[in-house]
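The values are calculated or read from the model by the stated rules, or taken from the named source; none is laboratory data. These figures come from a predicted structure and were not determined experimentally. Glycine also receives a Cβ, built like all others from the backbone with ideal geometry; neighbour counts cover every protein chain displayed. Quick note on the areas: whole protein, heavy atoms, side chains included, nothing else; ligands and nucleic acids left out. Shrake-Rupley method; radii C 1.70, N 1.55, O 1.52, S 1.80 Å.
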Amino acid sequence: MEIKRNIELAPFTTLGIGGPADQYIEAHGEKDVADAFDYALQNRLDIFVLGGGSNVLIADEGFRGLAIHVKLRGIEYKTEGVDVIVTAAAGEDWDPFVAAMVDQDLAGVECMSGIPGYIGGTPIQNVGAYGQEVSETIVSVSCFDRATRQITELSNARCGFSYRRSIFNTTDRDRYVVLWVKYRLKRGGPPKLNYAELRNAVGEAEQSLCQVREAVLAIRRKKSMVIDPADINSRSAGSFFKNPIITEAVFAELKNLFNSDVPSFPAANTHVKIPAAWLIEKAGFEKGHRHGSVGMSESHSLALVNRGGGSAREILELKEQIQSEVRKQFNIELQTEPVFIG
């Protein structure tokens, strides 16, 4: 292993924010991951596991410990009737993976086109978009288990998936390092068109996976949610807040307050999911709102962006301002999506 010191982490993130890691290792294989953890244990170092850097906010002071950058590569295919089991390494870029699946007419991930980051991050957050989540197709996740120092394979059920949640970011946070993800995709399967905005974009005629992917990318580009160096509004960590899931009683209060004009989606156990972006805008934060060198995207209310020279401190201040005002006006607590490091 090559151990580097005082490596700036900001360039590895989509926000472009974050100080240096005391020590840094690139893990290109399973043994590299195990060896890196052994090294950290021997030297009593805290560990930060870095993937695609698309869902992380790193402190301005950086990380006092060892950053392990998981960069395993490779994709394998196994045909089972009309299904294809696709096993992808954690260090593969997600959107090129989606493009490859669509090109091969494999349905199951097309609505998640344009999402930045690595394969390894998808089960952690149960990544989803436009009515589709990775948990719908994940068969299992192979991980390095920090507790047993062994590689283990967790079934879909064992991963405990729910909306933007899994055991990897809740009950077993910091225990597992994702190495491989196994997906079950359907050759020649129809695209998923459960989301109204996407249905409106593609029209009523029967659509191919490729057409749906292009429609998703077009929608995301309009919202600056596709990484583009020329678009300052895309310099973000994606959606910074989760859409809150509330009880029907709380939803009824909201409808009464706004004369029934409250967008919503059904959720499990008779709950209701409402758009965080709608709450944020109703609380008085308009697209393009600025706070020092950071701000809200001019294209999407959920994205907090680095407008150039921004700091983690400024992002956190803006986050807390938004949460405080939504809490004050609606008695709803907005939960954040990114992982905070340092």
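Listing for the model above:
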| quantity | calculated |
| --- | --- |
| Matching residues, the range 67-91, being at pLDDT 95 or above and touching a Lys or Arg at 6+ places or on another chain (Cβ under 6 Å) | 83, 84, 85, 87, 89, 91 |
| Residue list for the range 126-151, restricted to those being open to solvent by 20 Å² or more (accessible area, probe 1.4 Å) and either in contact (Cβ under 8 Å) with a residue 24 or more places away in the chain or not polar (S, T, N, Q) (or both) | 127, 130, 131, 133, 135, 136, 139, 142, 146, 147, 149, 151 |
| Residue within the range 292-299 that is at pLDDT 90 or above, open to solvent by 60 Å² or more (accessible area, probe 1.4 Å) and assigned to a loop (DSSP other than H, G, I, E, B) present | yes |
| Failed condition for residue 270, given (1) buried (at least 19 other Cβ atoms within 10 Å of the Cβ); (2) of a type in the set (Val, Ile, Thr); (3) under 21 Å from residue 196 (Cα atoms) | (1) |
| Of all residues in the range 154-174 being in contact (Cβ under 8 Å) with a residue 24 or more places away in the chain and more than 11 Å from residue 123 (Cβ to Cβ), the one that is most open to solvent (accessible area, probe 1.4 Å) | 174 |
| All positions within the range 46-82 that are open to solvent by 30 Å² or more (accessible area, probe 1.4 Å) and either outside any strand (DSSP E or B) or touching a Leu at 6+ places or on another chain (Cβ under 7 Å) (or both) | 46, 47, 55, 60, 61, 71, 73, 81, 82 |
| Qualifying residue in the range 175-191 (condition: surrounded by fewer than 16 Cβ atoms within 10 Å (Cβ to Cβ), in contact with a strand residue (DSSP E or B) (Cβ under 8 Å, 6 or more places away or on another chain), without any contact (Cβ under 8 Å) to a residue 40 or more places away in the chain and over 30 Å from residue 331 (Cα atoms)) | yes |
| Pairs, first over 23 Å from residue 288 (Cα atoms) in the range 203-231, second open to solvent by less than 50 Å² (accessible area, probe 1.4 Å) and among the acidic types (Asp, Glu), C-beta under 6 Å, six or more apart | 209/110; 212/110; 213/110 |
